[in-house]
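The structure appears below as structure tokens.
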Amino acid sequence: MELQLSEKLNILGIESSCDDTAAAVVCGYAGGSAEVLSSIVVGQTELHSAFGGVVPEIAARAHVEKLDVSVGQALAYAQLRMDQIDAIAVTAGPGLIGGVVSGVMLAKALAAATGKPLYGVNHLAGHALTPRLTGNVSFPYLMLLVSGGHCQFLIAQDALTFHRLGGTIDDAPGEAFDKVARLISLDQPGGPAIEKRAYDGDPKRFKLPRPLLDRAGCDMSFSGLKTATLRTRDEVIAESQGLTPQDQADLAASFQAAVSDVLAEKSRRALREYLKLLPQHPTLCVAGGVAANMAIRTALKQVCAEFDVEFTAPPLALCTDNAAMIAYAGLAQMPYREPDDMGLSAKPRMPLDTSSPTMLGHGKKGAKA
Ligand code: KG4
Ligand code: ZN
């Protein structure tokens, strides 16, 4: 079916790359503004909680069970029937392959049955384009993408072109939040749990490292910080035969402060690089699950104030994984690419910037994408 790109379009989005089964409908103009008509996210936290992390097989099975229900709900909330949908966008990678395959198979089946165009979308493009869905942000802009599986500074040039300035060389910050939460007996996902405990803690009590600040550029590392937090926890336990609630809160606050300091300082460096190239577009956007963290948002806002740069962060529900960002990315990319055919395949790895060399270890760790 040929799309009339000048008309307002209803896009169904499907996301299943990690542990959230999501479906959404956005309505808007190809390459232009859009609104979210519905956004259904079914989490799987309780299914994985006994295992201390996301179990790919359990995640994939849960996606298969919940995807069609989620699509039904997304259509119902949007008060639309499938025949009123103009195109289908689906996360084609990166992510846990079983989950991505589940979403791609459903999207292909829907496209085949209805004749609607199908757009396979990079999950990271979904996060990176969200500021344009929720705010009045124009290209180009600097994006800090911080999630459970990724951490990178990107120049978003258009809906399809992203240039990476740097990123983590090992763990992503969300992964570190999740692991540290486990170390100090907090619930998963670790990010929100640590943020909540950190409110009662002293961020200065434990001197945790700020990795890679001694190295030029905006690459980052979070794996050593996690190990340092483990060592500090063990020292506290050895001294006082256990962790008091105050120890737990102080560890959470000290860890969060270290992540926040690293992201703030590396954002300064990324901004310097970015502003040298694009001084007339002074905007920093943050997206991804870790962007839901208020301490980190506040630190980044402060950095932007120092540089007299606009700061944008999507609403919390659109920072963590959702399908509205996937539907929107499909809509945003429509004028610049062809739809996919039935050969669309799910990919566990899918770099956003294919021109930058992959960093050693980058993106090779972590269940999340
Ligand atoms: O973007 P997302 O939903 O999934 C990925 O694509 O990775 O991000 C999930 C990650 C988890 O690691 C979670 O602990 C972290 O984002 N996260 C947070 C917060 N909310 C979610 N990290 C720090 N503070 C938060 N408030
Ligand atoms: Zn994500």
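In this structure, is Leu133 crowded, with 20+ Cβ neighbours inside 10 Å and touching a residue at least 12 places away in the same chain (Cβ under 8 Å)? Answer is yes for this residue.
In the condition set (1) more than 16 Å from ligand 2 (Cβ to nearest atom); (2) in a strand (DSSP E or B); (3) closer than 27 Å to Asp178 by Cβ, Ser49 is compliant with all but (2). Checking each residue in region 106-115 for being touching a strand residue (DSSP E or B) at 6+ places or on another chain (Cβ under 9 Å) and open to solvent by 20 Å² or more (accessible area, probe 1.4 Å) picks out Leu106, Lys108, Leu110, Ala112, Thr114. Any residue that is within 17 Å of the chain's Cα centre (by Cα), surrounded by 16 or more Cβ atoms within 10 Å (Cβ to Cβ) and in contact (Cβ under 8 Å) with a residue 40 or more places away in the chain - is there at least one of those in region 54-77? Yes, the conditions are met somewhere in region 54-77. Sub-6 Å Cβ pairs linking a first residue in region 282-311 that is at positive phi to a second residue that is within 16 Å of ligand 2 (Cβ to nearest atom) and among the small types (Gly, Ala, Ser), at least 6 apart or interchain, are Gly288/Ser147, ordered by first then second residue. The residues in region 87-105 that are part of a helix (DSSP H, G or I) and in contact with a strand residue (DSSP E or B) (Cβ under 6 Å, 6 or more places away or on another chain) can be counted, and the count is 3. Exactly one residue out of Ala172, Ala156 is farther than 20 Å from Ile296 by Cα, under 18 Å from the mean Cα position of the chain (by Cα) and either open to solvent by less than 20 Å² (accessible area, probe 1.4 Å) or polar (S, T, N, Q) (or both): that is Ala156.
Yes/no matrix, rows are residues, columns are (1) within 16 Å of ligand 1 (Cβ to nearest atom); (2) at pLDDT 95 or above:
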| residue | (1), (2) |
| --- | --- |
| Glu2 | no, no |
| Gly28 | no, yes |
| Ala34 | no, yes |
| Pro56 | yes, no |
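Among the residues of region 10-32, the one identified as out of contact with any Leu (no Cβ under 7 Å at 6 or more places or on another chain), in a loop (DSSP other than H, G, I, E, B) and farther than 20 Å from Pro117 by Cα is Asp19. Scan region 312-350 for residues that are within 16 Å of ligand 1 (Cβ to nearest atom) and without any contact (Cβ under 8 Å) to a residue 60 or more places away in the chain and report the count. Final tally of qualifying residues: 1.
Listed by position, the helices (runs of 4 or more DSSP H) enclosed by region 292-342 that each have at least 1 residues that are surrounded by fewer than 18 Cβ atoms within 10 Å (Cβ to Cβ) are 294-307, 316-319.
Residues checked against (1) among the hydrophobic types (A, V, I, L, M, F, W, C); (2) within 15 Å of ligand 1 (Cβ to nearest atom); (3) over 14 Å from the mean Cα position of the chain (by Cα):
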| residue | (1), (2), (3) |
| --- | --- |
| Ala87 | yes, no, yes |
| Val104 | yes, no, yes |
| Ala113 | yes, no, yes |
| Tyr141 | no, no, yes |
| Thr161 | no, no, yes |
| Arg164 | no, no, yes |
| Arg182 | no, yes, yes |
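The values are calculated or read from the model by the stated rules, or taken from the named source; none is laboratory data. The structure displayed is predicted, hence computed values, not measured ones. Positions of Cβ are backbone-derived with ideal geometry, glycine not excepted, and every protein chain shown enters the neighbour counts. All accessible areas refer to the heavy atoms of the entire protein, side chains included, with ligands and DNA or RNA removed. Shrake-Rupley method; radii C 1.70, N 1.55, O 1.52, S 1.80 Å.
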